[in-house]
Amino acid sequence: MSAEKLELQNKLEDLAEMDDFGYDNEDEMEAYLRPTDLSELLKDGTKESHERAENTEFVKDFLKGRIKKDLFKLATVALYFTYSAMEEELDHNKNHSAIVPLYFPVELHRTEALTKDLEYYFGDDWKDQISCSEATKKYVERIHYIGKNSPELLVAHAYTRYMGDLSGGQLLKKIAQRVLRLPASGEGVFFYKFDNISNAVKFKQLYRARLNALDLDKETKKKIVEEANKAFEFNMQVFHELQEIGAAMKDEVQDGKIPLHEGKGDIRKCPYFAAKLGSSGNSGCPYHVVLALLRQPSVQLVLAVCVALAAGAVAWYMM
């Protein structure tokens, strides 16, 4: 690593690790970023893929609170196989020059957390109950391939996954806990809990500083950006697969309670939808609550009896 890059890395890391990490420090860090920095190349080079991933039906439904528990369990299974493969290859290549600065097993690795989540959903014999889906299998095969043949490209997958988990992943955690009525203590969403990172913003800045200080040539940076776009493609294939599976699933009444807002149309335009995305507590639209009630067998039986009695009364009256 050149003396200039080393000095820049030290400066950025000092800024990222400062206790008072406010807007002034972020502005100062922005001043040190250059268009040729890998973090900037990744941000600009994957912008379109990022937007496409965010606009898949699975993600949009998730953000609206339309996620079935069984489907969420399958999504957790896909994450387990993906992170197991990625972290296995990161471990194997931890001494590679492109991996060393970005190797944070204690802070970032998710396999152990996913194991806890799968134990929560499937029980002690969870390994016997899960299997790797076709879309996830292709993703896993790609990770193992580059781990053995082009370890520097693992940077693309690690950056895409971990930075996303520390950002939008935190909103998904709150939605899952609210909609699926998961315990506030974290069971079922341990994947999203980074207990060894006290400040996600500072850690992401530190990670980007390390990323930008990697001693890589222009061609290698280009390949990493291309690989990051492939990572988004693999994720979208998994999302599409989950969406197809979810479409075949029946609507759920979780824990014997009425389902939350059914999600048809833009729920944010419903005047009764008071709870914002990601906030705690439940708020339902009366119209959809009534529809949900009408779907309950016991309610349908009572209505049928009432209709029969009313019909009998009318018939009696007309005699």
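The values are calculated or read from the model by the stated rules, or taken from the named source; none is laboratory data. As the structure is a computational prediction, the values presented were derived from the model and not from experiment. Virtual Cβ from ideal backbone geometry, glycine too; neighbours counted across all protein chains shown. For accessibility, only protein heavy atoms count, side chains too; no ligands or nucleic acids. Shrake-Rupley method; radii C 1.70, N 1.55, O 1.52, S 1.80 Å.
Quick notes on this one:
- Of all residues in the range 149-176, exactly one satisfies the criterion of being farther than 25 Å from D61 by Cα, surrounded by fewer than 19 Cβ atoms within 10 Å (Cβ to Cβ) and touching a residue at least 12 places away in the same chain (Cβ under 8 Å), namely S150.
- Unmet requirement for R181, which otherwise passes all of (1) crowded, with 16+ Cβ neighbours inside 10 Å; (2) touching a residue at least 24 places away in the same chain (Cβ under 8 Å): (1)
- Reported count of residues in the range 98-133, each being in contact with an Asp or Glu (Cβ under 8 Å, 6 or more places away or on another chain), assigned to a loop (DSSP other than H, G, I, E, B) and over 27 Å from K204 (Cα atoms), is 1.
- Condition met for P35 (under 26 Å from T220 (Cα atoms) and either free of Cβ contacts under 8 Å to residues at least 12 places away in the same chain or not in a helix (DSSP H, G or I) (or both)): yes
- Whichever residue in the range 198-215 is out of contact with any Leu (no Cβ under 7 Å at 6 or more places or on another chain) and not in a helix (DSSP H, G or I) and, among such residues, is farthest from F104 (Cα to Cα): D215
- Test: residue in the range 80-95 that is closer than 25 Å to Q243 by Cα, out of contact with any helix residue (DSSP H, G or I) (no Cβ under 7 Å at 6 or more places or on another chain) and in a helix (DSSP H, G or I): no
- So F194, is it among the aromatic types (F, W, Y), in a loop (DSSP other than H, G, I, E, B) and touching a residue at least 12 places away in the same chain (Cβ under 8 Å): yes
- Condition met for K127 (more than 17 Å from L214 (Cβ to Cβ) and exposed (fewer than 15 other Cβ atoms within 10 Å of the Cβ)): yes
- Comparison of D70, D44 shows that the only residue that is out of contact with any Gly (no Cβ under 6 Å at 6 or more places or on another chain), charged (D, E, K, R) and either in a loop (DSSP other than H, G, I, E, B) or without any contact (Cβ under 8 Å) to a residue 24 or more places away in the chain (or both) is D44.
- Which listed residue is modelled with pLDDT under 95 and assigned to a helix (DSSP H, G or I), from G164, G147, G186: G164
- Scanning the range 229-253 for residues that are under 16 Å from the mean Cα position of the chain (by Cα), crowded, with 18+ Cβ neighbours inside 10 Å and either among the aliphatic types (A, V, I, L, M) or more than 14 Å from K138 (Cβ to Cβ) (or both) turns up A231, M236, V238, L242.
- The set of residues in the range 93-124 that are β-branched (V, I, T), within 30 Å of D215 (Cβ to Cβ) and either within 21 Å of the chain's Cα centre (by Cα) or open to solvent by 30 Å² or more (accessible area, probe 1.4 Å) (or both) comprises V100, V106, T111.
- Taken over the range 132-147, the criterion of being more than 16 Å from E233 (Cα to Cα), touching a residue at least 12 places away in the same chain (Cβ under 8 Å) and open to solvent by 10 Å² or more (accessible area, probe 1.4 Å) is satisfied by C132, H144.
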